[in-house]
Amino acid sequence: MAICAHFLSIFLKRAVLIAAHLLCVAAMTRHGCSLAGILSARIAMLCDMHRFFTSVIAALIVSIGGGVGCAAETITPMTEAYQTDFRRLESGRWYISNGWSNGDHQNCTWSRRAIALEQGGGLRVRYMPASEALPEALCGELQTRMWFLYGTFEARLRGDLGSGRNAAFFAYTGPVHGQPHDEIDFEMLTRESGLMWLNRYVAGNDFGEGKESDFEPGAEEGYVDLAFVWEPDRLRWYINGELRREETRGIPSHPMKIYFSHWGSDILTSWMGPFDPPDGPVEMKVSSFSYTPMGQRCVFPDSITCELP
């Protein structure tokens with residue numbers, strides 16, 4: 001998720017290639033050489049320049065993107081309750097990831113084209129396989145601009161089945177935000193029906209305790225109700241109102257953003273299963289998301305906080 005480093009790499013590489021091509025044109029114009037006559041020499045020059053500047057770019061990324069990170073964001077956690085059924089995306093609250101991927105483990109690129117709203121409410125987070133009309137696979141990720149620190153987080157969603165894909169609802173912060181890597185995860189492993197991965201990270205450490213949890217998809221189009229209750233000294237994961245995991249140590253302590261994502265992998269086969277390319281776009285549907293600050297109860301009538309002790 002090193003967004004700034006990613007765009008720095010793209011910008012510098014393209015600048016180098018443009019400059020090299022301009023040198024070629026200038027040389028042909030100045031000396032009257034034919035394109036065929038200088039093509040092989042200029043290709044070699046381009047390759048040499050690309051290799052050299054790629055090494056320079058890598059060093060810049062380490063020092064700028066990996067070490068210091070992007071300019072620090074203003075982080076002010078939400079203090080009021082919030083709920084949406086995704087009838088619209090409020091630009092001040094939500095951001096669509098677009099134009100990068102999270103690493104080699106991901107076989108698709110985040111794209112605005114992979115995010116859509118359903119008429120009457122609901123979010124569609126799609127995986128769009130490569131095709132004749134689409135040169136590369138695209139996938140969807142929506143994240144909040146809002147920050148959160150402790151409280152109850154709830155989402156209702158479903159995901160199309162298919163091996164090698166991951167449909168996730170999670171909280172995250174990391175070096176790209178100028179903070180350590182903290183995370184709280186619900187990850188639907190779509191290789192089989194009713195399989196959820198529950199995990200958390202504290203300063204990049206998940207303690208080797210990520211675990212699978214089976215669930216029964218709901219009768220209404222296979223939707224599942226997910227909730228995590230995040231407190232300073234306790235973290236709980238609920239599936240369809242049932243407590244599935246609880247931790248009282250190793251609790252994330254930094255403000256985080258909320259994400260919904262749907263992506264695929266060719267290499268994480270032991271976890272997500274061998275990638276099975278879908279025939280067309282597949283999706284995760286999210287019908288609602290809500291946040292209740294710690295200490296508040298039953299702000300929304302369908303909230304799990306109305307039932308918790």
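Laid out as a table, the results:
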{"read-out": "Search result, residues across the range 170-217 that are assigned to a loop (DSSP other than H, G, I, E, B) and of a type in the set (Gly, Ala, Ser)", "value": "Gly174, Gly178, Ser193, Gly194, Ala203, Gly204, Gly208, Gly210"}
{"read-out": "Positions within the range 200-212 being under 23 Å from Ser303 (Cβ atoms) and open to solvent by 10 Å² or more (accessible area, probe 1.4 Å), in sequence order", "value": "none"}
{"read-out": "All positions within the range 248-263 that are touching a residue at least 12 places away in the same chain (Cβ under 8 Å) and more than 15 Å from Trp197 (Cα to Cα)", "value": "Thr248, Gly250, Ile251, Pro252, Ser253, His254, Pro255, Met256, Lys257, Ile258, Tyr259"}
{"read-out": "Test: residue in the range 65-76 that is in a strand (DSSP E or B), modelled with pLDDT of 95 or more and either more than 20 Å from Gly178 (Cα to Cα) or not basic (Lys, Arg) (or both)", "value": "no"}
{"read-out": "In the range 244-299, the residues that are within 30 Å of Gly120 (Cα to Cα), open to solvent by 10 Å² or more (accessible area, probe 1.4 Å) and hydrophobic (A, V, I, L, M, F, W, C)", "value": "Trp263, Val282, Cys298, Val299"}
{"read-out": "Any chance Tyr238 is in contact with a helix residue (DSSP H, G or I) (Cβ under 8 Å, 6 or more places away or on another chain), buried (at least 20 other Cβ atoms within 10 Å of the Cβ) and more than 16 Å from Ala167 (Cβ to Cβ)", "value": "yes"}
{"read-out": "Single match in Gly121, Gly140, Gly151, Gly99 (criterion: crowded, with 20+ Cβ neighbours inside 10 Å, on the phi > 0 side of the Ramachandran plot and touching a Phe, Trp or Tyr at 6+ places or on another chain (Cβ under 8 Å))", "value": "Gly151"}
{"read-out": "Residue in the range 187-199 that is farther than 18 Å from Ser270 by Cβ, under 18 Å from the mean Cα position of the chain (by Cα) and open to solvent by less than 50 Å² (accessible area, probe 1.4 Å) present", "value": "no"}
{"read-out": "Single unsatisfied condition, Ser290 versus (1) among the small types (Gly, Ala, Ser); (2) modelled with pLDDT of 95 or more; (3) over 26 Å from Leu138 (Cα atoms); (4) assigned to a loop (DSSP other than H, G, I, E, B)", "value": "(4)"}
{"read-out": "Some residue of the range 270-283 being among the hydroxyl-bearing types (Ser, Thr, Tyr) and in a helix (DSSP H, G or I)", "value": "yes"}
{"read-out": "Residue among Arg165, Arg145, Arg158, Arg126 that is at pLDDT 95 or above, among the charged types (D, E, K, R) and open to solvent by less than 10 Å² (accessible area, probe 1.4 Å)", "value": "Arg165"}
{"read-out": "Residue check for Ile304: touching a Ser or Thr at 6+ places or on another chain (Cβ under 7 Å), among the β-branched types (Val, Ile, Thr) and under 27 Å from Tyr201 (Cβ atoms)", "value": "yes"}
{"read-out": "Residue within the range 218-225 that is more than 28 Å from Cys108 (Cβ to Cβ), free of Cβ contacts under 8 Å to residues at least 40 places away in the same chain, open to solvent by 20 Å² or more (accessible area, probe 1.4 Å) and assigned to a loop (DSSP other than H, G, I, E, B) present", "value": "yes"}
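The values are calculated or read from the model by the stated rules, or taken from the named source; none is laboratory data. Just so it is clear, the structure is predicted and the values come from calculations on it, not from any experiment. Counting neighbours? That spans all protein chains shown, and the Cβs are built from the backbone with ideal geometry, glycine included. All accessible areas refer to the heavy atoms of the entire protein, side chains included, with ligands and DNA or RNA removed. Shrake-Rupley method; radii C 1.70, N 1.55, O 1.52, S 1.80 Å.
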